[in-house]
Amino acid sequence: MREQIYALPDVPKHERSFIMDQAIQSFSTGGDLGRFSWALGEIGVERARAAEIARAINGRITALINRARQIDTGIYTAEWVHSKAPCFVAFQGDIEGQTKDLAHREANGKRFDVRKGLKIGGKWTYPGMEPGCRCSSRVILKGFND
């Protein structure tokens, strides 16, 4: 989480500890994006940008937590699940976003090694990891849903 917040150009260095504290409290209570967006607003980040940042970081943190939990329990196979909502498309006519979304739609149902991720568009990634990605994964349990 620290890496994600420190990499934000919107957060001045002298505000990082405040935002970090707010992020920890927000995400430890189930991903309270309103609280995290509020904190970003308190340091001068525009409301729409604050909401975008909160969603992106929440997606990354959720993806990392899920991955760690799966690996800790010995679950190494998952299936990519596209949310059916557009990933990455910022506005009508956004060709780059539509291309990325199409790649994520095509990944739907593909199995991948949780420790490695899935290669999409020449890049290894996990569901929900990239900003704008709304995908998730379904674990594959041997003898149950394999």
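The values are calculated or read from the model by the stated rules, or taken from the named source; none is laboratory data. All of these numbers come straight from a predicted model, not from anything done at the bench. When we count neighbours, we look across all protein chains shown, and the Cβ atoms used for this are built from the backbone with ideal geometry, even at glycine. Ligands, DNA and RNA are excluded from the accessible area calculation, which covers all protein heavy atoms including side chains. Shrake-Rupley method; radii C 1.70, N 1.55, O 1.52, S 1.80 Å.
With a ≥ b ≥ c taken as the square roots of the eigenvalues of the C-alpha gyration tensor of the range 14-86, please select rounded if a/c is under 1.5 and otherwise prolate if a/b is larger than b/c or oblate if it is not? Spell out each step's value before the answer.
Details: a/c = 3.27, a/b = 1.74, b/c = 1.88.
Note, shape of the range 14-86 comes out oblate.
Taking a cut-off of 14 Å between Cα atoms, list the aspartates and glutamates near K100, but don't count ones fewer than 8 places away on the same chain.
E130
Give the accessible surface of the chain per residue, rounded to a whole number of Å², with probe radius 1.4 Å and ligands, DNA and RNA excluded.
Details: 8860 Å² over 146 residues.
With the other protein chains kept in place, the chain gives 61 Å² per residue.
Within straight cross-link reach of K84, meaning Cα distance under 13 Å, which aspartates and glutamates are found once same-chain residues fewer than 8 apart are removed?
Here the aspartates and glutamates satisfying the reach criterion relative to K84 are D101, E106.
Positive end of the dipole of the chain, charges at C-beta (+1 Lys, Arg; -1 Asp, Glu), about the Cα centre: which of I57, G109, G143 has its Cα farthest in that direction?
Result: G143.
Given the DSSP H assignment, sum -39500 (n - 2.57) over each helix run of at least 4 residues in the chain and divide by its residue total; what's the result at 222 nm in deg cm²/dmol, nearest 500? Please report the intermediate quantities before stating the final value.
Working: 5 runs with 67 residues, N = 146.
Computed mean residue ellipticity for the chain: -14500 deg cm²/dmol.
With N set to the number of residues, divide the alpha-carbon radius of gyration of the range 55-146 by 2.2 N^0.38 Å and report two decimals.
Numbers: Rg = 13.2 Å, N = 92, 2.2 N^0.38 = 12.3 Å.
Compactness ratio reported: 1.08.
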